[in-house]
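Here the structure is laid out as C-alpha cells; the discussion comes afterwards.
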Amino acid sequence: NILLFFIINMKSTVIACSNIAFVKYWGKLDKSKNIAMNSSISMTLDENLSTKTTVEFSKEFKEDILILNNEKYSDNKLLRVSNFLDIIRQKAKVDLFAKVISINSFPTGTGIASSASGFSALAAASTKALGLTLTNEELADYARLGSGSASRSIFGGFVLWDSEHCHQIKDEKHWDKLRDIIVIVSSVEKKISSRAGMKKTVDTSTKYKQRLTKVGKTIEVVQNAIIKKDFETLAINIMKDSDNMHECMFDTEPSLVYLNDTSNKIKEVVNKLNKNKIIAAYSFDAGPNAHIITRQENVELITRELLKIFGVQVVVSKPGQGIKYSDDHLF
C-alpha cells in the first residue's frame, strides 16, 4: 500500500509536438473511439510547435484542475480533459483527481493542431504519473481517444494513422532537410471547432463522399514520395489534398469557411513561387494559418515573399521527434 501510494502521487512532465497532416482526415467513423473516416499521413514538427504538460494525481485534489497557458478553466476544456483522464484512471484502477498544467509554444485552437500536441502530452504524462508502462503504439491508442490527430504526435518524423492504430513510416532523420514554414495569420480561436465542423461535413457534403473514394490512393502516393524523398510528387499531392478538404468544407450545409483573405494571398504567393519549378506546398488545417512545406534551401526565399503579406508571423520547423519526458515540471 505504501508503494502504491508513492506511485500514484508521482508527477510527470511531457513535451509533445504538433504535427501537420500531408493527407488529412475530416470526419469520424466511430465517434466513441475517435476512429477517422479515412487514413492520414503527417509530419511531426519540432519544439517550436510544442506543448509542455505536467500532470499530478493526488488525494489532496477535490476535483480535476486544468491550467492552460496560465489560465484556469472550468468549461468544456476541463470537461474534455477530465473525460480523458477518466479513461486513464480506469486503466490504472485509481480514483484520484489530477492537476494538469499545460503551456503551448503557439496559439491554441487556431488550426495549428494544439489538440494533437496537447492530448499526446496529456496521455504520456498521465499514464506515467500513474505508473503505467506503455509502448508508443499503446500510448497512441490512448491519445487518439482525446484527439484523433494526437495519436500521430506520439511518434517523431512521418506517421501513418490507419483505422485504430498509428505507426512511424520514417523517423525525423530520414528527410531532415524538409521544412514546414508555419504562417500565423490569426491567433483568434476558431468559432466552429474541428469536431463540430467534421460532423456537419459528413452529414451534408456530396463532395466529401467523393473524397473518401480517392483518399486511399493519395495515401499510397504520399507515403511512397516520403520514402523516396520525391519532393515534387509530395508537394503536388499535399496541395491537392488540402484544397479538396476545404472544398468539402465549403460544400457543407451551412458552408464552413476556415480560410480568410490572407490565407488566399498565401496560396497565391506559393503558386507564383512554383511557376517554373515546384519548390513549396501549402497546406491548411481547420483554420486560416498556413503550413508551407519546402526544403531547407528554399526557406529564406519563401519566407521573404511571405513576409510581404501584411500582418503575418512566420515560424520555421524541421521534422521533430516524438514525445519527450522531462524532469523540469511546471509546478
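Once phi is turned into ³J(HN,Hα) by the Karplus curve 6.51 cos²θ - 1.76 cosθ + 1.60 with θ = phi - 60°, what whole-Hz value does each residue of the stretch 153-162 show in order, with x for glycine and proline?
6, 4, 9, x, x, 10, 10, 9, 10, 10
Carbon and sulfur: what percent of the chain's accessible surface (1.4 Å probe)?
Of all accessible area on the chain, carbon and sulfur atoms account for 50 percent.
Please compute the length gained on full extension between Val94 and Asp203, using 0.36 nm multiplied by the number of residues separating them and subtracting their Cα-Cα distance.
Net length gain for the segment: 35.4 nm.
Show me the ranking of peptides 235-246, 77-88 by mean Cβ neighbours inside 10 Å, starting with the highest.
Going from most to least packed, we get 235-246, 77-88.
Would you work out the charge dipole size for the chain about its Cα centre, treating the Cβ of every Lys and Arg as +1 and the Cβ of every Asp and Glu as -1, and quote it to the nearest 20 debye?
440
Can you tell which of Ile67, Leu49, Asn38 lies farthest toward the positive end of the dipole of the stretch 22-77, using +1 and -1 charges on the Cβ of basic and acidic side chains (Lys, Arg; Asp, Glu)?
Asn38
Among Asn271, Ile184, Ser163, which residue has its Cα positioned farthest towards the positive end of the charge dipole of the chain, with +1 placed on the Cβ of Lys and Arg, -1 on the Cβ of Asp and Glu, and the dipole taken about the Cα centre?
Final value for the positive-end residue is Asn271.
Cβ under 14 Å from Ser12's Cβ, Ser12 left aside: what net charge do those residues give with Lys, Arg +1 and Asp, Glu -1?
Here the charged neighbours net out to +2.
Which whole-number percent is the relative contact order of the chain (Cα, under 8 Å, 6+ apart)?
26
When you count, for each residue, the other Cβ atoms within 10 Å and take the mean per peptide, how do 133-140, 152-159 rank with the highest first?
Going by the mean number of other Cβ atoms within 10 Å, highest first, we get 152-159, 133-140.
Contact order normalised by length for the stretch 114-228, with contacts defined as Cα pairs under 8 Å and 6 or more residues apart; what percent is it?
Answer for the stretch 114-228 is 17 percent.
How big is the gap, in Å, between the Cα center of the stretch 108-183 and the Cα center of the stretch 193-245?
If we compute the Cα centre of each part, the gap is 19 Å.
Can you compute the modelled spin-label distance between Thr233 and Lys275, with each label point 7 Å from Cα toward Cβ, in nm?
The modelled label-to-label distance comes out at 2.9 nm.
Give me the distance in nm between label points sitting 7 Å out from Cα along the Cα-to-Cβ direction at Lys33 and Asn69, one decimal.
Each label point lies 7 Å from its Cα, and together they span 3.4 nm.
Which far-off residues, 5 or more places away or on another chain, put their amide H under 5 Å from the one on Phe106, with H placed in the peptide plane?
Excluding prolines and chain starts, which carry no amide H, the hits are Ser50.
Which whole-number percent is the relative contact order of the stretch 208-331 (Cα, under 8 Å, 6+ apart)?
The value is 19 percent.
Accessible area per residue of the stretch 77-199 at 1.4 Å probe, in Å²?
39
Taking the alpha-carbon distance from Lys214 and a cut-off under 18 Å, which aspartates and glutamates remain once sequence neighbours fewer than 8 residues away in the same chain are dropped?
Asp162, Asp241, Asp243, Glu247, Asp251
The values are calculated or read from the model by the stated rules, or taken from the named source; none is laboratory data. As the structure is a computational prediction, the values presented were derived from the model and not from experiment. A quick note on method: Cβ atoms are made from the backbone with ideal geometry, for glycine too, and the neighbour counts reach across all protein chains shown. When the accessible area is computed, the model is the full protein with side chains, heavy atoms only, and any ligands, DNA or RNA have been set aside. Shrake-Rupley method; radii C 1.70, N 1.55, O 1.52, S 1.80 Å.
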